[in-house]
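Report on one structure; see the data block that follows.
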Amino acid sequence: MGMWHRLTNLLRRERVDAEIDEELRAHLEMAVEDGTRAGMSDEEARRAARLRFGNPVTMREQTAGADVALSLDGMWRDVRYALRQLKRSPGFAVTAVLTLALGIGATTAIFSIVEGVLLRPLPYQHPERLVVVWQSSAEHRTTGEYFSTYREFEAWQQNSRSFEKLAALSWATGVSSSPVLWRGQPVDMLAIPVSMDFFPMLGVSAQMGRTFSQADLNNNCTLVLSHAFWQEKLGGARDVVGQSLSTEDSNCLVVGVMAKSFSFYPAKTAAWKLITPGSEFAKKPWSAMAGVFGLLKPGVTREAAAAELQAIQTPVVAEAPADEGIFRKLAPVVIGLQDNFTWLTGRNLRRGLWLLLGASSLILLVACVNVGNLLLGRSIERARELAVRAALGAGRARLVSQLMAESLLLAACGTAAGMALAMGLLQWFRAASPVELPPGSTITMDWCVLGFTAGVGIAALLMFGLLPAWRGSGTDPNTVLKAYGWAQGHTVSAQRTTRTLVVAQVALSMLLLAVAGLLAESLWKLMATDLGYRTEDVFTAQVQLPAHRYPDASTRSRFAAELTGSLGSLPGVRAVGLGSRYLPMGPTDSLSVEGRAESKEATADVTELDVNAGYFAALGIPLLQGRLFDSGDHSKAPEVAIINEAAAKRYFPGMNPLGHSIKLGRADDGKLPWLTIAGVVSNVKTMTVFQEMGYVETPAVYRPIAQTGPPSLALMIAVNGKTADLASEVEQRLSAIDRGLVLEDIGGMQAMRSADLSQPQFRTMLFGGFAMLALALALVGLYGVLSQMIVRRRRDIGVRMALGADRERILRSIVLQACAMTVTGIVIGAAGAVATMRLLHELLYGIHAKGAGEMAAAGAAMLVVTIAAALIPARRAAGLDPVETLRAE
Amino acid sequence: MPRYELQGSLDLLVLKTLAQREKLHGYGIVLHIQRVSDELVCVEEGSLYPALHRMEQSGWIASEWALTETGRRAKYYRLTAAGRKQLEKAEESFEQMVKGVRAVLRYA
């Protein structure tokens, strides 16, 4: 017949069918003719012929089945049939598709995000050899705590042989946004000082113009701009290369603009400024702090490099001038850049993301189990239908192919919906950007992951959809037809599987719910903790005092006093607080107490903050002993200090600290003044980089601005009512005193706090979402299973009711069954949650006794919800009319 | 007997019939085989038609619609060249099988 005929047969299935019909009919008629000729009546002959012939339908099916090409057409038929079947039970279809979509979509989105953030290599050349060098003390050996000094960098650059390139980049204190003039207009610019080899080390070049060259070392100030700054603040001016941006004290030449795809930490970098031999870094290398980055030579390990750097560092540090207070006990630590970035941008980002990955995998599992369960139940329902079909002559292959069509249809819809969901989630993530991502990382859909999750979903579908059909179509249709309505053979094991699956679902949901509850509680406690200072109704901002107009402490403190007075007269202002920073954070100085012997090494134990008299009032920090600063603490008066409770406890345990003298440095350092302690204030809680979910109360020493005159001031103005309109008024008052000053970082203190909380919030929200999802899936699963169970046992229930069992008992028995499954699942889930607590402990805060209380609450909540879900089908069962059900059989 | 072998035999009988009778419809094939084998071999219509269609797909026989003596439309089959070759092969393997079975039976 050949290929052509096979293909044309495909298109003309009906025609072929009709032909076969005609052929068989002709055969029959001829047999009848012969019969009548032999003497039988027409009727007898027909009957005899029919008997011999057998079942015409089966025959036709088998004849057509021999035609290979028609099997394709058969598949299309199966699909149409499957579509019809699914339309008849829309609840099942929608549930299955949604479940699959949620599982696939959520997992794919999370995987893609994790991959974009954690797994993609950095967008620089030789990312695996790029490292960062930190100085660390013994406790934080693996993460690194401190910048190196510029002197150490110079020494390394001269002597080290482990690196192809070494570069310094600084964002330490003292480096902040400052205004520059562009075409006469002031613009805020954060210029990060970098050494010459910075761009070559990363192997990147400028998009417009060039990066630094040797000639630039002679200039005072050379800049390479970031693309974002150039685009947004300079309006994308095409002629920017070669132009100057003028700051207060110099003209900065712009030599190039980087590409849009290039970025480096910190994300807000507006420009990179070359460190020249004439800069502060080179002139006072022991005071200048910088982060050191390097490109290792091929084959050099990080440990070897660290050892070499230590060896170079030790003799150099020994030469350090004693008054600089250099910490000598630190050792350099070499860390891969990729790892460090994720640590920098989000302390626990890594751990959080892995956790989310685990959670979404669980969701996928639950979704598959759910769908599988639905299919299992459905196939049990359809056992009878399958048996009838088998009796009518459908071969095993046909039955299986029809069921497969249904499963594949569901899988296709589920995958398509899942893909749409994943894309939507990724879009939202990109827009909302709840976490600062490592530079250059883009979040795109990982198609491999989509393929994987879809594959898992389809596999689950096929397994649960086909397995019972396979076994079912193997048995004698007779037994199934006769036995329908009673638990038999394979249906018993199927029921057991179903129940186990429901228990598994409940367990997984319980696990997620418990974890989500713990995270939520931690977050809530974290947010609700009293920080010891006021955050509401406080206007915050910063002001930089440029060095050439405010060259010394007295001009600066005079300005501070003038500003305080001016702002104090604003309407609605309760107190004006000024400080060198917003809050005392991060121990940076050592403390000596007069009259006490001290250790030889300088250590970082306290932090210093210069404040004005109104600071404590503005932030609502209570005074515990002694007095606050007042107008008597001016530059001619004896130097005083106020310490906080933590410092008092640490240095004056059980004593009265008032009147003692302390020094922020070594006792024999003649340049530092002795400070008399005038008062003790309450502690303030802040967050450190090392511990995301927790606060520290750093021992702090406060000094009056009038006596120190810091170059940058943070404003904290306590007001009655809203702070929103205050910005323009404050700016006006500021300009009135000095027109060249710019108000920056408005709302900065609160922004810091939100930034601290943003990751825990994001994590908790996501986990909460997962938990809700898992719960919904478990409920759907439970509901589906119970409904199917009731339908199966309709006859059973009918008989019981006819025999006198009352509604309540039926209801109770069904609900009890549901409870049994639920409780088992809850217990298993709780056990799992306890096991994972250890992984979580860094992400928790304020949880006691292994969170037993929270688990119990989660378990109780699940139980209540599942009982509610079980009541609906139970009610329906109890409402069945026994006569109806018995008759329906 | 396992289905496959039986199927092989049926194919053989049909091919042989068509070799001898040039053109026949399905009913005719059944009658012919019945008659020639003296009612010893009875072909089930249920297996015949699928077999005919299968053999047609394989290209061993060809079909056309024509009128019977009584004026009824029926599908007639005839042997193709490929079919003739297949017939030779089938006959040979059948002979071999018979020889083998007989040898085993004779072994005392």
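Residues that are without any contact (Cβ under 8 Å) to a residue 12 or more places away in the chain and within 11 Å of another protein chain (Cβ to nearest Cβ) within the range B:17-48 comprise B:Gly28, B:Leu31, B:Cys42, B:Glu44, B:Gly46, listed in sequence order. Candidates B:Glu69, B:Glu44, B:Glu56: the one that is more than 13 Å from A:His27 (Cα to Cα) and surrounded by fewer than 17 Cβ atoms within 10 Å (Cβ to Cβ) is B:Glu69.
Condition check ((1) exposed (fewer than 15 other Cβ atoms within 10 Å of the Cβ); (2) at pLDDT 80 or above; (3) within 14 Å of chain B (Cβ to nearest Cβ); (4) under 30 Å from B:His32 (Cα atoms)) across all residues:
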residue: A:Arg15; (1), (2), (3), (4): yes, no, yes, yes
residue: A:Leu28; (1), (2), (3), (4): no, yes, yes, yes
residue: A:Arg47; (1), (2), (3), (4): yes, yes, no, yes
residue: A:Lys87; (1), (2), (3), (4): yes, yes, no, no
residue: A:Thr95; (1), (2), (3), (4): no, no, no, no
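Would you check which residues across the range B:16-35 are of a type in the set (Lys, Arg) and in a helix (DSSP H, G or I) and list them? Within the range B:16-35, B:Lys16, B:Arg21, B:Arg35 meet the criteria.
Table: residues versus (1) assigned to a helix (DSSP H, G or I); (2) modelled with pLDDT of 75 or more; (3) buried (at least 17 other Cβ atoms within 10 Å of the Cβ).
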| residue | (1), (2), (3) |
| --- | --- |
| A:Val366 | yes, yes, yes |
| A:Val369 | yes, yes, yes |
| A:Gly377 | yes, no, yes |
| A:Ala390 | yes, no, yes |
| A:Gln402 | yes, yes, yes |
| A:Leu408 | yes, yes, yes |
| A:Ala412 | yes, yes, no |
| A:Ala420 | yes, yes, no |
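Residues in the range A:724-767 that are of a type in the set (Lys, Arg) and within 30 Å of A:Gly358 (Cα to Cα): A:Arg753, A:Arg763. Restricted to the range A:175-227, the set of strands (runs of 3 or more DSSP E) holding at least 2 residues that are in contact with a helix residue (DSSP H, G or I) (Cβ under 9 Å, 6 or more places away or on another chain) comprises A:185-189, A:222-225.
Among the residues of the range A:288-308, those identified as farther than 16 Å from A:Ile192 by Cα and in contact with a Gly (Cβ under 9 Å, 6 or more places away or on another chain) are A:Leu295, A:Arg302, A:Ala305.
When you go through A:Arg499, A:Arg574 one by one, which is the residue that is surrounded by fewer than 21 Cβ atoms within 10 Å (Cβ to Cβ), under 30 Å from A:Ala367 (Cα atoms) and over 24 Å from the mean Cα position of the chain (by Cα)? Before the answer, list the steps.
Working: A:Arg574 fails: under 30 Å from A:Ala367 (Cα atoms).
So the residue among A:Arg499, A:Arg574 that is surrounded by fewer than 21 Cβ atoms within 10 Å (Cβ to Cβ), under 30 Å from A:Ala367 (Cα atoms) and over 24 Å from the mean Cα position of the chain (by Cα) is A:Arg499.
For the range B:53-73, what are the residues that are assigned to a helix (DSSP H, G or I) and within 8 Å of another protein chain (Cβ to nearest Cβ)?
Taking the range B:53-73 first, the residues assigned to a helix (DSSP H, G or I) are B:53-58.
If the condition is that a residue be assigned to a helix (DSSP H, G or I) and within 8 Å of another protein chain (Cβ to nearest Cβ), then B:His53, B:Arg54, B:Glu56, B:Gln57 are the ones that fit.
Here is the figure for the range A:621-639: residues that are surrounded by fewer than 19 Cβ atoms within 10 Å (Cβ to Cβ) and assigned to a loop (DSSP other than H, G, I, E, B) total 11.
The values are calculated or read from the model by the stated rules, or taken from the named source; none is laboratory data. Fair warning: this is a prediction, and the values are worked out from it, not measured in the lab. Cβ sites come from the backbone with ideal geometry, for glycine too, and all protein chains shown count toward neighbours.
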